[in-house]
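To start, the structure itself, in structure tokens.
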Amino acid sequence: MRFSRLLVPTTKETPNDATLASHIYLIRGGFIQSVGGSGLYNFLPLGKKVLDKVRAVVKDELDKAGCQEVSLSFVTPASLWQESGRFEKYGKELLRFKDRKNNDFILGPTHEEMMVNLVRQTVKSYKQLPLNLYQINLKFRDEIRPRFGLMRGREFLMKDGYSFHASEEDMKREFDLMEETYKKIFTRLGLAFRVVDADSGAIGGSGSKEFMVLADSGEDTIVVCDACDYGANIEAAVCQEKEFTTDTKTQVITMKALYDECISEIVTFVLPESEVLEEVKACNAVKANDLVDVESPADADRHVIDNTLKECTEYVNPEYADISAVQEGDACIHCGAELRYTKGIEAGHIFQLGTQYSEPLGATFLDENGKAQPMVMGTYGIGVSRLLAGIIEQHHDEKGCVWTKESAPFDLHILVSNIKDEAQVALGEKLYEQMKAKGVDVLLDDRKDRFGAKMKDYELLGIPHAVVIGKKLSDDLVEFVTREGMVKEEVSSSAIEALLNERF
Ligand code: ATP
Ligand code: MG
């Protein structure tokens, strides 16, 4: 591609609402364009190239693991969500609308119902299982606070996969396979990440894991142990039991506990003064011990007491649960070493679903004895567009993006500093044609601009390598640049071809 023909509106202006490096550089580098500043983005040619490269890595690894790609209708009939009960339960993030015949529809924020519907119409026997189907498609969530560019958009690209099994055991095997497959994907994309235990709602257990891209700018706090490999989202983290005596000072927090998207109750939580309430654990506890008629929550006088206070409480009908947040320095549940906090960006989530959707939607199969059974499911998501932001959060410097090998919009950038200099142009064109013929994806900066401006664009766009052809060509020298660290090697113009052939 010739830079002079490329639509890449780079700018020095930092967008008003941008604080994160990824948001700033993706806009400044002309990768994406905001649509009305509300979590909606257009992908310009370079952004689309990066998105397609990331998507290709995801697809390649999933296909190798035996998954099959489909494409589901984005517009979803509300009737499917009424069958699962989510049409009413899902909160305001769900965009609901009607067609001209007054039928209800939604824009899919996730596609469990849609995929179960596909499978229940096509799979009848255990002989057709297991099955792992995925798509890489748009999602819409009317996020309350869309922010940080691609990190938390309202419309975004997700890889969502769903597996169907004849037994719990087989689903767990697939869950482990997906964990390994996701690790390969994140490794190929050049990301430093950690797989952590995640909140699985009231079900609890290790049925859900998140893939956290490690970055200080991440919105999630994760609890990690450096002595063993324990890691958990703070929403799900546990530690060894702490001991409190009968005269421990306590704090009482009365909160509207929100769970299942929009069911809420007023509940009183009691915990030691030194502890911090973890709201997700608290809401799960309310749901798990659901003793109260949710229709009349206002009359209920529910007290959930932290497990650490088992010895010392004076409440009537107390419910005990682990509702306090793990703190830094607490003892690891596995090895007893001190836990610490770090920050992560949730880029993937894998979940053992069981029969939560197959039962209400009637997705059954006939087992070996001819008996109808609900299919056992797993669900697996990757935030594909969020990954672009995650890559830049980890790979940038004060000048711009530093794309990793498998995510870069081009493999090589050739910069001709003065296009009025015939020798410079001739060498640039020659290398460009040769590398293209080899199948290397090359960007040739053939613009009339000043050298300084072109170099600034190179640094901002962040293609892993460049050949800079400048004044020193009269001394037979060109520069080979590695974007990471801006490492420059002077190479004789007769040796550059051989060097490129060796590197690419
Ligand atoms: P979060 O906690 O960040 O809101 P989530 O837990 O609601 O995410 P999932 O339902 O697990 O998200 O969706 C699967 C993946 O989709 C997430 O792991 C994340 O990478 C991505 N994702 C979710 N919401 C958004 C969003 N608003 N913008 C971009 N990517 C998103
Ligand atoms: Mg999640």
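The values are calculated or read from the model by the stated rules, or taken from the named source; none is laboratory data. Only a predicted model underlies this, so the values are computations on that prediction, with no experimental measurement involved. Cβ atoms come from the backbone with ideal geometry, glycine included; neighbour counts cover every protein chain shown. Just so you know, the surface numbers come from the protein's heavy atoms only, side chains and all, with ligands and any DNA or RNA stripped out. Shrake-Rupley method; radii C 1.70, N 1.55, O 1.52, S 1.80 Å.
If I stretch the segment between Glu93 and Ser79 completely, what's the gain in nm (0.36 nm per residue apart, minus their alpha carbon distance), one decimal?
3.3 nm
Sequence-distant or interchain residues sharing an amide H contact under 5 Å with Asp446, placed H: which?
Hits under the 5 Å cutoff: Phe3, Ser4.
Computed over the Cα atoms of the stretch 26-78, what is the convex hull's projected area averaged over all directions, in nm²?
Spelled out: convex hull of the Cα atoms, projected over all directions, averaged, 5.6 nm².
Hey, what angle do you get for helix 451-461 against the long axis of the chain, alpha-carbon based, 0 to 90 degrees rounded to 10?
Once rounded, the angle reads 30 degrees.
If one takes the longest principal axis of the Cα atoms in the chain, at what angle in degrees, from 0 to 90 and to the nearest 10, does the Cα axis of helix 45-64 lie?
So the inclination is approximately 60 degrees.
Placing +1 at every Lys and Arg Cβ and -1 at every Asp and Glu Cβ, with all other atoms neutral, what dipole size does the stretch 8-157 have around its Cα centre, in debye to the nearest 20?
80 debye
Assign unit charges at the C-beta atoms only (+1 for Lys and Arg, -1 for Asp and Glu), then state the dipole size of the chain relative to its Cα centre in Debye, rounded to the nearest 20.
With only Lys, Arg, Asp and Glu charged at Cβ, the dipole is about 2740 debye.
For the Cα atoms of the chain, what angle does the longest principal axis make with the long axis of helix 279-288, in degrees from 0 to 90, nearest 10?
Roughly 40 degrees, rounded to the nearest 10.
Using only C-alpha positions, report the orientation-averaged shadow area of the convex hull of the stretch 412-503, nm², one decimal.
Average projection, Cα convex hull of the stretch 412-503: 5.3 nm².
Can you list the trypsin sites (Lys or Arg not before Pro) in the stretch 443-504 that are in a DSSP coil and have 10 or fewer other beta carbons within 10 angstrom?
Passing both the DSSP loop test and the Cβ count: Lys448.
Using 5 Å bins from zero, what percent of all Cα-Cα pairs in the stretch 267-424 falls into each bin?
Using 5 Å bins, I get a P(r) of 2, 6, 8, 9, 9, 10, 11, 11, 9, 7, 5, 3, 2, 2, 2, 1, 1, 0 for the stretch 267-424.
Which residue, Phe175, Leu51, Ala215, has the largest displacement toward the positive end of the dipole of the chain when charges sit on each Cβ (Lys, Arg +1; Asp, Glu -1)?
The one lying farthest along the dipole's positive direction is Leu51.
Please give the charge dipole size of the stretch 412-503, origin at the Cα centre, charges +1 on K and R Cβ atoms and -1 on D and E Cβ atoms. Round to the nearest 20 debye. Before the final figure, lay out the partial values.
Numbers: 14 positive and 18 negative charges, 52 e Å.
In debye, rounded to 20, the stretch 412-503 gives about 240.
Going by Cα centres, the stretch 395-429 and the stretch 9-45 are how many Å apart?
Computed from Cα coordinates, the inter-centre distance equals 21 Å.
Counting helices only, and only those DSSP H runs with n ≥ 4, report the 222 nm mean residue ellipticity of the chain as the sum of -39,500 (n - 2.57) divided by its residues, in deg cm²/dmol to the nearest 500. Walk me through the intermediate numbers first.
Numbers: 12 runs with 131 residues, N = 504.
For the chain, the value works out to -8000 deg cm²/dmol.
How large is the convex hull of the Cα atoms of the stretch 1-90 per residue, expressed in Å³ as a whole number?
192 Å³
Between the stretch 81-145 and the stretch 207-252, what's the alpha-carbon centroid distance in Å?
With the stretch 81-145 and the stretch 207-252 each reduced to a Cα centre, they are spaced 32 Å.
Apply the a/c threshold of 1.5 to the C-alpha gyration tensor of the stretch 355-428 and tell me whether it is rounded, prolate or oblate.
On the way: a/c = 6.87, a/b = 3.48, b/c = 1.97.
Because a/c hits 1.5 or more and a/b exceeds b/c, the stretch 355-428 counts as prolate.
Select from Ile333, Tyr25, Ala453 the residue farthest towards the positive end of the dipole of the chain; place +1 on Cβ of Lys and Arg, -1 on Cβ of Asp and Glu, and compute about the Cα centre.
Ala453
Mind listing which trypsin sites (Lys or Arg not before Pro) in the stretch 298-398 are in a DSSP loop and have 10 or fewer other Cβ atoms within 10 Å?
Lys371
For the stretch 59-193, take N as its residue count and report Rg(C-alpha) divided by 2.2 N^0.38 Å.
For the stretch 59-193, the normalised Cα radius of gyration comes out at 1.18.
Work from the charge dipole of the stretch 412-503 (Cβ charges, +1 for Lys and Arg, -1 for Asp and Glu, about the Cα centre) and give the residue of Val487, Gly462, Leu473 farthest towards its positive end.
Comparing the listed Cα positions along the dipole, Gly462 ranks first.
Students often check this: by mean Cβ neighbours within 10 Å, which of 354-366, 240-252 ranks highest, and how do the rest follow?
Highest to lowest by the protection proxy: 354-366, 240-252.
Please list Arg147, Arg5 in order of solvent-accessible area, largest first, computed with a 1.4 Å probe with all protein chains present.
Ranked list, largest accessible area first: Arg5, Arg147.
Over all Cα pairs of the chain, how is the pair count split among 20 Å bins, expressed in % and running from 0 up to the last occupied bin?
20, 46, 27, 7, 0
Using label points projected 7 Å from each Cα along Cα→Cβ, tell me how many nm separate Ala426 and Glu368, to one decimal.
7.7 nm
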